[in-house]
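Asker: Quick one: the structure is below, and I'll ask about it shortly.
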């Protein structure tokens with residue numbers, strides 16, 4: 001499998017809808033196949049989510065690009081990511097921001113992502129196992145927050161960890177269908193933008209969803 005050619009073809013396809021040249025440039029550099037299970041690597045550059053174990057997925061590249069583009073990163077920001085997952089989105093953010101703090105609820109996934117990111121040589125990322133409270137308060141305030149899991153509404157717990165002028169991108173809706181929302185924290189009141197329909201796993205924690213009991 002020629003990963004470089006496949007990755008270039010994917011980015012060319014994303015460029016039809018994604019306009020941020022820096023985001024496209026970074027997505028042309030980050031090896032998505034490193035973040036998926038070995039048996040799925042041949043599908044790494046298809047524009048679709050893929051399972052990564054523990055009932056979690058690596059997001060569709062278009063959604064990663066859309067969310068990242070709307071964070072409008074300039075390279076100076078401290079970013080909080082909720083839901084490290086495979087670490088792919090984390091790697092994209094790390095090339096566009098000054099520092100990334102990422103939290104993951106599932107310890108095994110956090111460890112796997114940490115290893116992949118270390119192998120690729122990233123030095124400006126911290127990966128933590130998530131606490132009950134959403135976000136990572138001890139690292140706040142953040143200039144931007146991205147949540148790769150859906151919540152019933154935009155949690156105040158996260159808004160309170162944002163700098164004034166900071167922005168959060170988060171899927172909001174039911175457990176099964178959400179809309180991608182961007183909220184910018186302003187003194188005059190929060191500015192809300194709607195970025196389209198999406199489907200993510202549930203964000204678990206105080207201020208979002210409770211863990212479902214499967215019996």
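Asker: Can you give me the number of residues within region 101-152 that are under 23 Å from residue 182 (Cβ atoms), in contact (Cβ under 8 Å) with a residue 40 or more places away in the chain and part of a strand (DSSP E or B)?
Answerer: Of the residues in region 101-152, 10 are under 23 Å from residue 182 (Cβ atoms), in contact (Cβ under 8 Å) with a residue 40 or more places away in the chain and part of a strand (DSSP E or B).
Asker: Looking only at region 34-45, count how many residues are surrounded by fewer than 19 Cβ atoms within 10 Å (Cβ to Cβ) and under 28 Å from residue 74 (Cα atoms).
Answerer: Residues that pass the stated criteria total 1.
Asker: Out of the residues in region 62-72 that are out of contact with any helix residue (DSSP H, G or I) (no Cβ under 6 Å at 6 or more places or on another chain) and crowded, with 22+ Cβ neighbours inside 10 Å, which is nearest to residue 148 (Cα to Cα)?
Answerer: 67
Asker: Within region 14-53, which residues are in contact with a helix residue (DSSP H, G or I) (Cβ under 6 Å, 6 or more places away or on another chain) and in a loop (DSSP other than H, G, I, E, B)?
Answerer: Matches in region 14-53: 15, 18, 20, 28, 30, 44, 45, 47.
Asker: While we're here: Out of (1) closer than 16 Å to residue 2 by Cβ; (2) in contact (Cβ under 8 Å) with a residue 40 or more places away in the chain, what's the single condition that is false for residue 19?
Answerer: Failed condition: (1).
Asker: Just give me the residues in region 86-100 being in contact with a helix residue (DSSP H, G or I) (Cβ under 9 Å, 6 or more places away or on another chain), on the phi < 0 side of the Ramachandran plot and not in a strand (DSSP E or B), in sequence order.
Answerer: Correct list: 86, 88, 89, 90, 91, 92, 93, 94, 95, 96.
Asker: While we're on this one: Scan region 153-181 for residues that are surrounded by fewer than 19 Cβ atoms within 10 Å (Cβ to Cβ), touching a strand residue (DSSP E or B) at 6+ places or on another chain (Cβ under 8 Å) and in a strand (DSSP E or B) and jot them down.
Answerer: Listed by number, the residues that qualify are 163, 165, 173, 179.
Asker: In contact (Cβ under 8 Å) with a residue 60 or more places away in the chain, in contact with a helix residue (DSSP H, G or I) (Cβ under 7 Å, 6 or more places away or on another chain) and more than 18 Å from residue 120 (Cα to Cα): does that describe residue 79?
Answerer: Taking the combined requirement at face value, the residue satisfies it.
None of the figures in this text is laboratory data; all of them are computed from the coordinates on show. All values reported here derive from a predicted model rather than from experimental measurement. Glycine gets a Cβ as well: all are built from the backbone with ideal geometry, and neighbour counts include every protein chain shown.
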